[in-house]
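*Asks:* Dropping a structure here in structure tokens format, bear with me for questions.
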Amino acid sequence: MQLSIVVPTYNEAPNIAELVRRVAAAVANLPGDVDAEILFVDDSTDATPAAVREAAATAALPVRLIHREKPEGGLGGAVLEGLAAARSDVCLVMDGDLQHPPEEIPALWRRFSAGDVDVVIASRYAGGGTAHGLADRTRVLVSKASTSVTRAMFPIRLRDVTDPMTGFFLIDRRSVDQALLRPRGFKILLEILARRPMRVAEVPFDFADRHAGESKASVRQGLHFLAQLTALRFGKMSLFAVIGGLGAVANVAIVWALTQLGVDYIIAAIVAAEATIIGNFLLQERFVFDDMRENASGVWLRFAKSFTFNNAEALVRIPIVALMVSSGHISAVVATAITLVLAFFVRFLFHSLVVYAPRKPGVEPSRARRILEDIDEEVMQPGEL
Ligand code: GDD
Ligand code: MN
């Protein structure tokens, strides 16, 4: 059996020797006869390449280095380049700063060896895992919030995944269609999982403190991530947005028409809201969540959830509109438009998380799930709306 350990590095010189030593020790613990290599994919401007060569000279396993003069795609691009250049189809990806403890490699390998999955994910958020190595409370919050939002946006693909943002996973590269991937920024696993259905297992792990050096995470990486998320979810989210937009236009038009006719703007807003709530629900059923309907609760329950949510939202929104109109110098039309845009995001999360949530596992036959995933795959093909 062969295993390639792919390690993306950017200025990790003080971590290399320790990493190679601990990886070699962990690999020596693998059951059976596993022929492993370490492959560094390096974009550094420091002495990392020299540190890799030095470690390679004495290491207990083959250590290879790809130093990229033109680092394309950042961390994600480096990982893909590593997967392509690896000697083995089975690849383990991990960070070069020892936040991913090499001692977990045997657990990942054991789970993968069962032979029933394409990828084993080391998760900070599965039972027993922790994220204590995250730098501070802000990063913990950002990590948790972005994980929840991401899972809400991919309720089918990420159904079995608690930590789609981890950079620690073991994967059979034959299950990855590289042509589909648009690596950008840090979150390559999310890209892989979102692009096509994968058979996934998770193993909990403790996200450790950095051994040495500094994190390369930044606000810029955060923005990359948001762009990636939007691009990945372009299909569903954009349709939802188009329908929401049509609803908003209808809403504003009704408010305008009724106030022109002399109707009080609060009454006008209520009438407009109810008309668009029902219209939006019908359009979303038909065009946005059609692939999730079969596996969700029944149509009346879906309608009840959607209708209740939208009315609750309108109940909150209308007093805000009234407040904006009475306290500021904003017209009812502008105030309605602003609050509708804000409400859009909350509404999308609620619908994909709650209204169209899959019923509990075990209720549906696995055949239905497969059909559903085929449809989901079609919907996720790049290039379509
Ligand atoms: N080749 C290459 N090119 N490697 C890079 C680049 C790059 O542009 N940027 C960062 N890396 C390497 C780092 O050297 C390190 O080995 C690994 O990618 C992770 O980067 P860190 O700077 O340690 O970032 P982090 O600790 O915030 O991110 C890690 O934790 C996240 C979970 O919160 C990574 O594992 C992420 O993948 C993970 O999602
Ligand atoms: Mn790190």
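The values are calculated or read from the model by the stated rules, or taken from the named source; none is laboratory data. These figures come from a predicted structure and were not determined experimentally. Here the Cβ is made from the backbone with ideal geometry for all residues, glycine too, and neighbour counts use every protein chain on show. Side chains are part of the model used for accessible areas, which takes the heavy atoms of the whole protein and leaves out ligands, DNA and RNA. Shrake-Rupley method; radii C 1.70, N 1.55, O 1.52, S 1.80 Å.
*Asks:* Sequence-distant or interchain residues sharing an amide H contact under 5 Å with D206, placed H: which?
*Replies:* Close amide H contacts, sequence-distant or interchain: T130.
*Asks:* In the structure displayed, which of K144/K305; K144/K216; K70/K216 lie more than 24 Å apart, Cα to Cα?
*Replies:* Violating the 24 Å Cα-Cα cut-off are K144/K305.
*Asks:* Using θ = phi - 60° and the Karplus form 6.51 cos²θ - 1.76 cosθ + 1.60, what ³J(HN,Hα) does each residue of region 130-139 get, whole Hz, x for Gly and Pro?
*Replies:* My calculation for region 130-139 gives 9, 10, 5, x, 5, 4, 8, 4, 4, 5 Hz in order.
*Asks:* What are the ³J(HN,Hα) values, in whole Hz, obtained from phi via the Karplus relation 6.51 cos²θ - 1.76 cosθ + 1.60 with θ = phi - 60°, for each residue of region 326-337 in sequence order, with x given for Gly and Pro?
*Replies:* For region 326-337, the Karplus curve yields 7, 8, x, 10, 9, 6, 4, 5, 5, 4, 4, 4 Hz.
*Asks:* Next question, about the same structure. Relative contact order (percent) for region 45-174, with alpha-carbon contacts under 8 angstrom and 6 or more residues of separation?
*Replies:* Once normalised by length, the contact order is 32 percent.
*Asks:* Under 13 Å from the Cβ of F350, count the other residues' Cβ atoms, weight Lys and Arg +1, Asp and Glu -1, and hand me the total.
*Replies:* Around F350, the surrounding residues sum to +2.
*Asks:* Pairs of alpha-carbon atoms within less than 8 angstrom and 6+ residues apart define the contacts here; what relative contact order does the chain have, in percent?
*Replies:* 16
*Asks:* Which far-off residues, 5 or more places away or on another chain, put their amide H under 5 Å from the one on S88, with H placed in the peptide plane?
*Replies:* Amide H neighbours of S88: S4.
*Asks:* With a ≥ b ≥ c the root eigenvalues of the C-alpha gyration tensor of region 1-91, is it rounded (a/c under 1.5), prolate (a/b larger than b/c) or oblate?
*Replies:* Oblate.
*Asks:* Please report the relative contact order for region 1-49, taking Cα pairs under 8 Å with a sequence separation of at least 6, and give it as a percent rounded to a whole number.
*Replies:* 64
*Asks:* Round to a whole number: what % of the accessible area of the chain belongs to carbon and sulfur, probe 1.4 Å?
*Replies:* Roughly 62 percent of what the probe reaches on the chain is carbon or sulfur.
*Asks:* How far is helix 74-85 tilted off the main Cα axis of the chain, in degrees rounded to 10, range 0 to 90?
*Replies:* Tilt relative to the chain: about 50 degrees.
*Asks:* Can I ask one more? Counting only heavy atoms of the protein chains, get the accessible area per residue of region 3-214 (1.4 Å probe) and round it to a whole Å² value.
*Replies:* Value returned for region 3-214: 40 Å² of accessible area per residue.
*Asks:* Kindly rank 14-24, 126-136, 341-351 from highest to lowest mean number of other beta carbons found within 10 Å of each residue.
*Replies:* Taking the mean over residues of other Cβ atoms within 10 Å, the ranking is 14-24, 341-351, 126-136.
*Asks:* Can you tell me what the convex hull of the Cα atoms of the chain projects to on average, as an area in nm²?
*Replies:* Computed as one quarter of the Cα hull surface, the answer is 21.5 nm².
*Asks:* Based solely on C-alpha atoms, express the radius of gyration and the Dmax of region 227-359 in angstrom.
*Replies:* For region 227-359, the Cα-based Rg and Dmax read 15.5, 47 Å.
*Asks:* Further question: Would you work out if region 280-344 is rounded, prolate or oblate? Take a ≥ b ≥ c from the square roots of the eigenvalues of the alpha-carbon gyration tensor; rounded if a/c is under 1.5, else prolate when a/b is larger than b/c, oblate otherwise.
*Replies:* Note, shape of region 280-344 comes out prolate.
*Asks:* Specify the residue with the greatest mean-square fluctuation among E274, E104, E81, computed from a Gaussian network of the chain linking alpha-carbon atoms under 10 Å apart.
*Replies:* Answer for the Gaussian network model of the chain: E274.
*Asks:* Additional query: State the volume of the convex hull built on the alpha-carbon positions of region 3-214, expressed per residue in Å³ and rounded to an integer.
*Replies:* Convex hull volume per residue, Cα atoms: 113 Å³.
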